[in-house]
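Working notes, beginning with the structure itself.
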Amino acid sequence: MTLTTDYPPALAAPVTTGTLFRFATAGSVDDGKSTLVGRLLHDSKSILVDQLEAVTRTSIERGFGGDTGAIDLALFTDGLRAEREQGITIDVAYRYFTTGRRSFILADCPGHVQYTRNMVTGATTADAVIVLVDARKGVLEQTRRHLSVLALLRVPHVIVAINKIDLLGFAEQPIADLTADLLAVTDELGLQDVRVVPVSALDGDNVVERSERTPWYTGETLLDLLETLPTTDDHEGRSPDFRLPVQLVLRPQGAVSPTVVEPDAFRDYRAYAGQLSSGTVRVGDRVDVHPGGASTVVRSITVAGRPVAEASAPQSVAVELEHDLDLARGALIGSAGSLPESTSSFVAELFWLGHRPLTVGDRLLVKSGTSIVQARVGSLEGRRDLDTFGLEPADRLELNDIGLARIETGTPLPLDEFTTHRRSGAFLLIHPQDGGTLAAGIVRSIERPES
């Protein structure tokens with residue numbers, strides 16, 4: 001039997017070069033996440049000479065590898081002193097590296113239950129998440145927990161790396177049985193694009209180079225997948241709905257600026273700048289704006305100071321409209337007929353990050369796109385049991401809790417459900433006094449005003 005996975009054509013990954021790809025790692029304690037990341041960095045030649053020398057020296061001092069002279073690959077990511085002393089990952093470690101095909105931002109997330117919020121932080125912006133599973137232990141509760149979080153966050157791609165296959169003698173049947181168990185869990189959770197790769201992080205099998213010790217595996221190596229999977233930006237750029245959250249209104253009135261060669265050309269210039277969150281905008285497109293619901297036409301588009309005929313997400317642009325509208329930071333411009341009706345009440349899944357518990361009636365701020373509005377907690381619908389991921393009654397959310405709450409805002413917001421639009425369906429809860437981030441939230445359902 002040959003172990004591989006046949007993926008639907010819609011999920012097939014086009015070869016993408018020159019793009020930025022964000023990915024994170026997750027898994028249970030001692031599954032080898034940091035070792036896998038170290039192996040990936042080492043074998044892709046992304047380690048500087050001085051870093052390699054420092055890790056080699058530390059490994060020798062600790063007697064790692066004995067007479068073989070092997071290095072402790074986990075030291076490339078576990079940079080905190082407490083992490084090195086305990087041999088665990090505590091905080092999210094970010095690493096940046098480049099191969100011949102792509103640039104990467106890597107978030108190595110901790111595996112302990114008490115650091116669930118750190119894992120959520122690393123996964124929220126990821127194009128893909130690598131979930132490690134110990135080949136000897138199989139699917140654990142923490143594995144189900146992490147996969148459940150990824151299902152809630154709708155992470156586009158999930159790669160399950162079955163690690164430590166060397167300890168099973170590279171036997172095919174145990175890996176095939178474990179793969180079947182994993183796919184049963186991911187199907188149950190509704191995860192769409194799941195890839196399973198058997199690896200040995202310690203020896204490097206199927207991490208960067210294909211292993212000759214697994215002839216029964218015909219799929220891609222871990223790095224091959226990372227270099228070819230489509231990014232979230234690729235998906236958002238192809239969205240039929242163009243969205244531009246306004247960050248800044250450009251009103252240079254060039255006549256008062258001595259650096260402008262032709263000041264009269266900018267005397268009446270007014271444009272709205274920001275980063276496109278989805279879709280493509282073209283000169284001449286009809287657009288709607290929030291707030292106000294006005295409709296107008298795109299007069300010009302500027303990217304990096306140069307006029308262009310069109311721009312796509314995630315480019316940063318300045319858009320000039322045919323009509324002068326009273327728009328400011330926090331406004332939203334979108335293709336005609338695409339903006340959702342504004343709402344002041346919605347139910348959201350909250351990943352609580354604050355040390356003070358959340359209770360009904362708490363007043364805070366909601367940051368959605370570039371807009372920040374006052375809000376209060378109308379009700380708590382329940383808290384997730386982190387073992388079964390079912391909802392249980394709760395009157396508060398504590399640190400690292402995940403739960404459902406009804407949020408009521410003082411100013412209506414044009415929100416989408418997270419299942420419809422990943423970016424406009426996500427938001428932050430902010431402390432109104434100190435500005436600290438209290439929770440990451442995703443919109444589950446929306447109460448629209450009756451017509």
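The values are calculated or read from the model by the stated rules, or taken from the named source; none is laboratory data. Predicted model, so just to flag it, every value in this text is computed and none were measured. Neighbour counts are summed over all protein chains in view; Cβ atoms, including those assigned to glycine, are modelled from backbone coordinates with ideal geometry. Areas reflect the complete protein model, heavy atoms only, side chains present, ligands, DNA and RNA absent. Shrake-Rupley method; radii C 1.70, N 1.55, O 1.52, S 1.80 Å.
A search for C-beta distances below 9 Å between a residue of region 215-243 that is more than 30 Å from ALA176 (Cβ to Cβ) and any residue that is modelled with pLDDT of 90 or more and part of a helix (DSSP H, G or I), counting only pairs 6+ apart in sequence or on different chains, returns nothing.
Tallying residues that are among the hydrophobic types (A, V, I, L, M, F, W, C) and crowded, with 16+ Cβ neighbours inside 10 Å within region 283-324 yields 11. In region 346-370, the residues that are part of a loop (DSSP other than H, G, I, E, B) form no Cβ pair under 8 Å with any partner that is of a type in the set (Phe, Trp, Tyr), whether six or more places apart or across chains. Annotation note: of PHE266, PHE346, the sole residue that is of a type outside the set (Gly, Ala, Ser) and at pLDDT below 90 is PHE266. Scanning region 426-441 for residues that are open to solvent by 30 Å² or more (accessible area, probe 1.4 Å) and part of a strand (DSSP E or B) yields ALA426, LEU428, THR437.
Is it true that some residue in region 86-103 is modelled with pLDDT of 75 or more, open to solvent by less than 30 Å² (accessible area, probe 1.4 Å) and of a type in the set (S, T, N, Q)? Yes. Taking (1) of a type outside the set (Gly, Ala, Ser); (2) open to solvent by 40 Å² or more (accessible area, probe 1.4 Å); (3) modelled with pLDDT of 90 or more; (4) under 24 Å from LEU327 (Cβ atoms) in turn, ARG423 satisfies each apart from (3). Those residues that are touching a residue at least 24 places away in the same chain (Cβ under 8 Å) and surrounded by fewer than 19 Cβ atoms within 10 Å (Cβ to Cβ), I need them from region 388-412; list them, please. Matches in region 388-412: PHE389, ASP395, ARG396, GLU398, LEU399, ASN400, ARG406, GLU408, GLY410, THR411, PRO412.
Of all residues in region 194-208, none satisfies being open to solvent by 10 Å² or more (accessible area, probe 1.4 Å), polar (S, T, N, Q) and in a loop (DSSP other than H, G, I, E, B). List pairs: first in region 120-141 and at positive phi, second modelled with pLDDT of 90 or more, Cβ under 8 Å, 6+ apart or cross-chain? If the second residue must be modelled with pLDDT of 90 or more, the pairs left are GLY138/LEU178; GLY138/ASP181.
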